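Note sheet for the following structure.
The values are calculated or read from the model by the stated rules, or taken from the named source; none is laboratory data. Because the structure is predicted, anything quoted here is derived from the model rather than measured. Every residue, glycine as well, gets a Cβ built from its backbone with ideal geometry; the counts of neighbours run over all protein chains shown. Quick note on the areas: whole protein, heavy atoms, side chains included, nothing else; ligands and nucleic acids left out. Shrake-Rupley method; radii C 1.70, N 1.55, O 1.52, S 1.80 Å.
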Amino acid sequence: MSTPDKAIKKRTSPFRYGIGMFGTSIPINMFKSFAAIFYVDMLGLDMKKYSLVLLIYTFVDAIDNPVYGFLSDRTRTKWGRRRPWLIIGTPLLILSFILFFNVPSFISSEKGSLFIYMLLMYILTGTLDSLINANYGALFPELFPKDEERAKTNAVRQVCQLLAMVISIALTPVITKALGYQLTSVIYGLVALAVILYCTFGCKENLEYEETEKPKLIGSIIALVTNPKFWIFGLAGAFYSAAFALISQAIPFYVKYTLKLDSSMTTVMLGVVLFVAVIGIIVWSAVIKKVEVIKVWRIGFMIMAIGFIPLYFAKNLGTAIAIECIMGFGIASCLITMDCIGAKIVDDDYERHGVRREGIINSLVGVMNRLNGLFTSLAFYVASEAFGFVSGDEPGDNPGMAAKMLLCVFPFIAMVLASIFSWFLKFKKVENNEQISDN
């Protein structure tokens, strides 16, 4: 079954949609990357309790993602299916994000209230982020139905995401040192609010989809869980997400405890690898014109996996940065291909079943990716148990090895598994030169 014949009267600018990734990335990158160093190292929360927060949230996230996608797909308004959710959810996300880093003075680790506060605010911020991304991500295959448009738009998205990472991950240690986490979160939050709403009001949904059949939750879930392509792509993405999450969270510990350098060097390490990734996106965008997307995707996984081996043995900042430059090209390859392959799964599902359910598919893929919380939670627990790392006040006898465990060992395992799964995802070409699943 083909996409509805009626053309969208107003096209959405790839830049207008793509810049939305800048807004969605700024708060959540700071949230995910610096939650550990802020609560564990600065506020004194036990690392095992932090790992418990990640574990609990993983199960919450596994429930809320498909619910948000289902509600989005069934929404029918004159403003579209996705935009109302983005307009309502964005201010709530920004508020909870700011509260996460602005801990009330009466909250303390000694009384146990810090753990409760973090748990509640982590769940609230995370679930609102899921709401935003379920709807923002669902717009991608709808607004840009052609492969060429998708490649161009996704390149814009990923450059915007990497620029957001430069600010919200690489520069955050310097900014927070000058302004503090509290004020930094307020600034990031207001910037994100403005950018997401600018993107949202510029997206022109196809109102013809308002007349299409509303998907049913159980039927949609059954259709996906019986699709092997969904599982292969989802598991590969989950392990990649786990590795990426550990990189951003572990580098501050690695710089402080393994390399024994000032926290400002975290900015240098993260800044260089993200800058290389931006260059890598430009390079891979040209490569994709001649090489299949699936091959570029696999190459990125393998580059990342191999890079963790020499990184484990790095003795100084220069060596670590040189290795991460190579890994940056691998990250760029993954960033520019993941969403394009995910859009193909959406296309394939519509061809099979004739129901528009971008939201549910995007959300369930998101559930698979968020399962990285199980892996990252395990990594923090093992690092704490094996090396006695409790908190910044009690780093144990060998915090340097604990940091290497977080940054090198567990991400290496994750990327090896991601690479293995990627080889089981097959595509074939059809007459119109587009690729669809061969199953």
DSSP H segments from the chain that extend 27 Å or more along their own axis, Cα-based, with Kyte-Doolittle mean of -1.0 or above: 47-74, 83-101, 113-143, 172-202, 228-253, 264-288, 293-313, 317-353
Of all accessible heavy-atom area on segment 22-94, the percent that carbon and sulfur account for (1.4 Å): 74
Percent of Cα-Cα distances greater than 22 Å, calculated over segment 88-168: 46
Listed peptides 127-138, 318-329 by packing density, highest first (mean Cβ within 10 Å): 127-138, 318-329
Histogram of C-alpha separations across the chain, 10 Å bin width, %: 4, 22, 33, 26, 11, 3, 0
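Please give the per residue accessible area of segment 141-260, computed with a probe of 1.4 Å over protein heavy atoms only, in Å².
Per-residue accessible area for segment 141-260 comes out at 38 Å².
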Interchain or long-range residues, amide H under 5 Å from L261's placed H: K256
Share of carbon and sulfur in the accessible heavy-atom surface of segment 356-410 [1.4 Å probe, %]: 56
Whole-number accessible area per residue in Å² for segment 1-90, which is evaluated in the context of all protein chains at 1.4 Å: 41
Net length gained if the chain between R74 and V291 were fully extended (0.36 nm per residue, minus Cα distance): 74.4 nm
Leading residue at positive end of dipole, segment 1-99 (Cβ point charges), from F34, V60, L86: L86
Accessible area expressed per residue, segment 282-439, with surrounding protein chains retained (probe 1.4 Å, Å²): 42
Per-pair calculated FRET efficiency, R0 = 25 Å: L179 and L52 via Cβ, rounded to 0.05: 0.25
Separation of alpha-carbon centers, segment 305-324 and segment 7-70, rounded to whole Å: 27
Unit charges on C-beta of K, R, D, E only; dipole of the chain, Debye: 780
Filter on K146/K229; K152/K290; K152/K426; K229/K426; K78/K204 - keep pairs with C-alpha separation over 18 Å: K146/K229; K152/K426
Cα-based Rg and Dmax for segment 25-82, where Dmax is the largest Cα-Cα distance (Å): 16.5, 49
Gained length - E385 relative to K152, 0.36 nm times residue gap less alpha-carbon distance: 79.3 nm
Surface share of carbon and sulfur [accessible, 1.4 angstrom probe, percent] for segment 293-348: 77
